[in-house]
Amino acid sequence: QVQLVESGGGLVQAGGSLRLSCAASGSIFSINAMGWFRQAPGKQRELVAMLTSGGATGYADSVKGRFTISRDNAKNTMYLQMNSLKPEDTAVYYCNAETNKYTAWGQGTQVTVSS
């Protein structure tokens, strides 16, 4: 099984930056792709950014040009660099990992952007 632990959330003013981390452990070799999702109060969970094992990336239109997904294979860690944050970015952010057999999720980390 793959285990995921997020960190790096917090409170930031609009226009500020945060970097989220997602540390993976367990059956890391089985991961095909990883991603960051977010869920705001009263809204459905949405994809923010994704990163395949081959290095391809994709972003939601709402974060293109502001967020960057990356990974450090030596540390088994994925990152989400978030710049020019807006109040509408406020949500619980989750990382996930897709394998051929299941999807693993982290516990989530709160990001709050004040105006």
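The values are calculated or read from the model by the stated rules, or taken from the named source; none is laboratory data. Keep in mind that this is a model prediction, so the values were computed, not measured. Ideal geometry is used to build each Cβ from the backbone, glycine not excepted, and the neighbour counts take in all protein chains shown. The accessibility values were calculated without ligands, DNA or RNA, using every heavy atom of the protein model including side chains. Shrake-Rupley method; radii C 1.70, N 1.55, O 1.52, S 1.80 Å.
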* Structure fact -> Quick shape check on the chain: root eigenvalues a ≥ b ≥ c of the Cα gyration tensor, a/c under 1.5 is rounded, otherwise prolate if a/b tops b/c, else oblate, and it reads prolate
* Note, ³J(HN,Hα) from phi for segment 72-82, Karplus 6.51, -1.76, 1.60, rounded to Hz, x at Gly and Pro -> 10, 4, 5, 9, 6, 10, 10, 10, 10, 7, 10
* Structure fact -> With every protein chain in place, the accessible area of Val111 for a 1.4 Å probe, in Å² rounded to the nearest 10, comes to 0 Å²
* Asked: Residues with amide H under 5 Å of Val48's amide H, sequence separation 5 or more or different chain, H placed in the peptide plane at 1.01 Å from N; which?
  -> Trp36, Phe37, Arg38
* Structure fact -> Checking segment 11-97 for trypsin sites (Lys or Arg not before Pro) in a loop per DSSP with at most 14 other beta-carbon atoms within 10 Å yields Lys43, Lys64
* To do: Return the single residue from Gly16, Gly65, Gly54 with maximal mean-square fluctuation; model: Gaussian network over the chain, springs between Cα atoms under 10 Å.
  => Gly54
* Asked: What ³J(HN,Hα) values, in whole Hz, does the Karplus curve 6.51 cos²θ - 1.76 cosθ + 1.60 give for segment 85-95 when θ = phi - 60°, with x put for Gly and Pro?
  -> 5, 10, x, 6, 7, 4, 4, 8, 9, 10, 9
* **lysines with Cα under 27 Å of Lys75, excluding same-chain neighbours fewer than 8 positions away** => Lys64, Lys101
* Structure fact -> Here the percent of antiparallel bridges among DSSP beta bridges lying wholly in the chain, to the nearest 5, is 90 percent
* Asked: What are the residues whose amide H is under 5 Å from the amide H of Lys86, where those residues sit 5 or more places off or on another chain and H is modelled from the backbone?
  -> Gly15
